[in-house]
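Colleague: Mind looking over this structure? Questions follow.
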Amino acid sequence: MQFNNPITRIGTRKIGIGFHQSLRINPTLLSRENELRILRHRVQLISQRLKQIKKRVETPKTKPDQNVIAVVDREECAGCGICYDVCPQGAISIDITARIDSSKCIACLECVNRCPRGAIAIKYQNH
C-alpha cells in the first residue's frame, strides 16, 4: 500500500473525548517536527481524558433530588458531543442526538450549562 500523505486515516472511533480519528503514521514521510506535533496532540487528548476521569471519580454518585432529571430537546440538539465530553458520570451517549441515561445522571448541570444550543434542560418529575 502506497501512502500519499504522512498521516492516513484508518477509521473513526469514539474514545470519550468526542470523536477522534485513528491514525497510522508512515515514518518515512514525516519530518521530526511533524512527528513531534502529532505526539504533542496525542498527549493533549490523553490529558483531557485523564481530567474527565478524575472529575468522574471526585463527583458524588447520587442525585441531590431523585425527582430531577436532565432531558434533551431532540429538535434543538445538533449531536455535537460537548455534553458527552463534560458529563462526569458518563450518562450521555450520542447517536444522532444526545441521549441521557436517567439512572446514571446526577443532575450536576454540566451538560445544561455547556450545551451551545440550549438543548438540555432539567425537569422535575412528579410522582
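Bear in mind these aren't lab numbers, they're just calculated from the coordinates by the rules spelled out. The shown structure was predicted, so the numbers you read here are calculated from the model rather than taken from an experiment. Cβ sites come from the backbone with ideal geometry, for glycine too, and all protein chains shown count toward neighbours.
Colleague: Taking 0.36 nm per intervening residue step and subtracting the Cα-Cα distance, what contour gain separates H41 from I96 on full extension? Please report the intermediate quantities before stating the final value.
Modeller: Numbers: separation 55, 0.36 × 55 = 19.80 nm, distance 2.69 nm.
Value of the extension gain: 17.1 nm.
Colleague: Taking square-rooted eigenvalues a ≥ b ≥ c of the alpha carbon gyration tensor, is segment 68-124 rounded, prolate or oblate, where a/c under 1.5 means rounded and, failing that, a/b exceeding b/c means prolate?
Modeller: Rounded is the answer for segment 68-124, as its axis ratio a/c remains below 1.5.
Colleague: DSSP loop (so not H, G, I, E, B), at most 14 other Cβ within 10 Å: list which GluC sites (Glu not before Pro) in segment 71-121 pass both filters.
Modeller: Details: sites: E75, E76, E110; in loops: E75, E76.
Hits after loop and neighbour filter: E75, E76.
Colleague: With each pseudo-label sitting 7 Å past Cα toward Cβ, what's the I122-E33 distance in nm, one decimal?
Modeller: It is 5.0 nm.
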